[in-house]
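Structure, as structure tokens:
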């Protein structure tokens, strides 16, 4: 082997190998410390792209599940309010039945009507004050729509709440008029009884539809949550560090790092042989 001072090929090769080993060692240490084998595009460009896409879809599904649960909360609030309305209407039926039978005196009929009108006012108050997350539950005649998505156009699902307007003039889809719906006379009490009975039927149907909406939203939430878990598992399988492989690589690169340092030192020491020739 010829000796020279201008170029130490052995040292250059040893240094390049050592740099490569230390880069690999740093990568393995980062994988072990972060728990992720992909920490930059340089680690796995294709894998990073897939993981980012999965993460975006998972975020959409997680929010979709949360939206569904928010919808469930709103509908449960509506159902609770309508339960109170049903109790009030049951009392209204009792009053209207008594007044329509003609067995009440004028004073008693007036008292019954006063209580009846108070019930209607209470129902209107329930309709105007029932809120969920600062949103009026009964302030839309057509109900509230909940849009669920899995992050794609094909995954859009719209569910419309059955909760309708609830005021002193509209209860369970039945229109109430102060002049007509009164218990002051037997005839008017009979008409009012029919309206109240129809309102109870309307409220009952509305609560049934709300129950169906709640079931739909719960099912949609469960599906979204399950899909989110599956995406998380897929993301982990691509991105997560294989600790068995990583610890094995760590041991290998640590040995190579030490041998590389020794080799570089040995390669540099060959230059000292030239000085001996000059002595």
Consider residue 167 against the criteria (1) closer than 22 Å to residue 86 by Cα; (2) part of a helix (DSSP H, G or I): it satisfies all of them except one. Which criterion is unmet? (2)
Being free of Cβ contacts under 8 Å to residues at least 40 places away in the same chain, within 25 Å of residue 170 (Cβ to Cβ), out of contact with any strand residue (DSSP E or B) (no Cβ under 7 Å at 6 or more places or on another chain) and assigned by TED's automatic domain parsing to the domain that holds residue 201 is true for just one of 94, 105. Which residue is that? 94
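If a residue must be in a helix (DSSP H, G or I) and more than 15 Å from residue 112 (Cβ to Cβ), how many such residues does region 175-197 contain?
3
Listed here are the residues, each with its yes/no results for (1) surrounded by 14 or more Cβ atoms within 10 Å (Cβ to Cβ); (2) modelled with pLDDT under 90.
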| residue | (1), (2) |
| --- | --- |
| 56 | no, yes |
| 60 | yes, yes |
| 68 | yes, yes |
| 71 | yes, yes |
| 78 | yes, yes |
| 83 | no, no |
| 92 | yes, no |
What number of residues in region 118-136 are in a helix (DSSP H, G or I) and out of contact with any strand residue (DSSP E or B) (no Cβ under 7 Å at 6 or more places or on another chain)? 11
Residue satisfying all of: in region 32-48; touching a residue at least 24 places away in the same chain (Cβ under 8 Å) and in a loop (DSSP other than H, G, I, E, B); surrounded by the fewest Cβ atoms within 10 Å (Cβ to Cβ) among these: 35
With at pLDDT 85 or above and under 30 Å from residue 28 (Cβ atoms) as the only criterion, which of 193, 231, 250 stands out? 231
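The values are calculated or read from the model by the stated rules, or taken from the named source; none is laboratory data. Every value quoted in this text rests on a predicted model; they were computed, and no experiment measured them. Cβ sites come from the backbone with ideal geometry, for glycine too, and all protein chains shown count toward neighbours.
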